[in-house]
Amino acid sequence: MQDTATRVDFYVLESASRPERLNFVCRLTETAYKAGNTIYLLAATSSEAMELNKLLWTFKDDGFVPHNLSGDSHQASAPIMIGHEQPASKEYGLIINLANPVPANFDRFPRIAEIIDASTTVRQSGRQRFTQYRAAGIEPDTHKIGGN
């Protein structure tokens, strides 16, 4: 177990729109990066990881969020890594989870952000993860995010 407790935040979006969910992830990633965090975006699939990679280049005309896909040859130099596999190291200060399971060994990381949209499937799996965190002794914080 680590010295400080893991903080878990659930960001609950009003919309069931997948593009709005991914756009929110990009904005949250940018904010966390500007605050000095190292970030691992845990995508549900490899195609979602590739989509997030593209979106981080294009979601904003006047900004840059340095990132790499897991497995890229230059991955060690990026403060933001995108992958669909569980993070292999403890070097990340924030895991943004878009996948169904709770991240493996989640208590190694200072912070986990769960992004939940209004789709039935995502909400249901989010409730299961919320219950798992509570069972591990963590009381997640919930943030309701209105429409854009």
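The values are calculated or read from the model by the stated rules, or taken from the named source; none is laboratory data. In this text the structure is predicted, and so the values were computed from the model without any measurement. When we count neighbours, we look across all protein chains shown, and the Cβ atoms used for this are built from the backbone with ideal geometry, even at glycine. In case anyone asks, the SASA skips ligands and DNA or RNA and just uses the protein heavy atoms, side chains included. Shrake-Rupley method; radii C 1.70, N 1.55, O 1.52, S 1.80 Å.
List of remarks:
- Residues that are charged (D, E, K, R), touching a strand residue (DSSP E or B) at 6+ places or on another chain (Cβ under 9 Å) and open to solvent by 30 Å² or more (accessible area, probe 1.4 Å) within segment 15-38 comprise just one, 20.
For (1) in contact (Cβ under 8 Å) with a residue 24 or more places away in the chain; (2) touching a helix residue (DSSP H, G or I) at 6+ places or on another chain (Cβ under 8 Å), each residue gets a yes or a no:
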position	(1), (2)
11	yes, yes
18	yes, no
26	yes, yes
35	no, no
41	yes, yes
45	yes, no
53	yes, no
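- Residue 22 vs. criteria farther than 21 Å from residue 121 by Cβ and part of a helix (DSSP H, G or I): no
- Among the candidates 118, 78, 113, residue that is touching a His at 6+ places or on another chain (Cβ under 7 Å) and at negative phi: 78
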